[in-house]
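Undergrad: Have a look at the structure that comes next, please.
Read-outs throughout are calculated quantities, based only on the coordinates presented, and are distinct from any laboratory measurement. What you see is a predicted model, and the numbers here were worked out from it, not measured in a lab. In this analysis, Cβ positions are derived from the backbone assuming ideal geometry, glycine residues included, and neighbour counts consider all displayed protein chains.
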Amino acid sequence: MAKVLVVDDDQSLRLLYRKELADDGHEVTTVPSGKEALESISQGRPDVVVLDIKMEEMDGLAVLDEIMKVDKTIPVILNTAYSTFKSDFTTWSAEAYVVKSSDLSELKRTIAEVTASS
C-alpha cells in the first residue's frame, strides 16, 4: 500500500485519518503544519500527500507551491471543508480535490486512484 502524508492542523482529524488509512494498509505519517510537512518530505518522499488548505502560519496552497518546487511528481490531494477553493487556479497543480466529510470513502478512493497511477 501507499506511504501517505496527512497535513492537517486539526488533531482529531489527523487521528481519524491515521486510523482509517492504516486500517486500509497504508503507512501513514501525520503532521499539523505546512512547515512540518516540508520537513517530512525532505526526510523521505511519500507516495501521496493529503493536504488541508486552511491552516495557521502557512496555508495549504503555499505548502502545495513549495512541494511542487521540491518534487513535481509527488501527488497532492487537497482535502478541505471549503469547496470554494476548487475554482482557485493555484489548486490546479494538485492531483485531486476532495471536500472533507465524515465519510472518508471519497478520500480513500481518491488515494487509491492517485497511487495506482503514479
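Undergrad: Can you put Tyr17, Tyr97 in order of Cβ neighbours within 10 angstrom, beginning with the fewest?
TA: Neighbour counts put them in this order, fewest first: Tyr97, Tyr17.
Undergrad: Stick to Cα atoms and the Kirkwood definition of Rh, then tell me Rg/Rh for the chain.
TA: That ratio equals 0.91.
Undergrad: Counting only helical runs of four or more DSSP H residues, what would the 222 nm mean residue ellipticity of the chain come to if each run contributes -39,500 (n - 2.57) and the total is spread over all its residues?
TA: Estimated from H runs of four or more residues: -12500 deg cm²/dmol.
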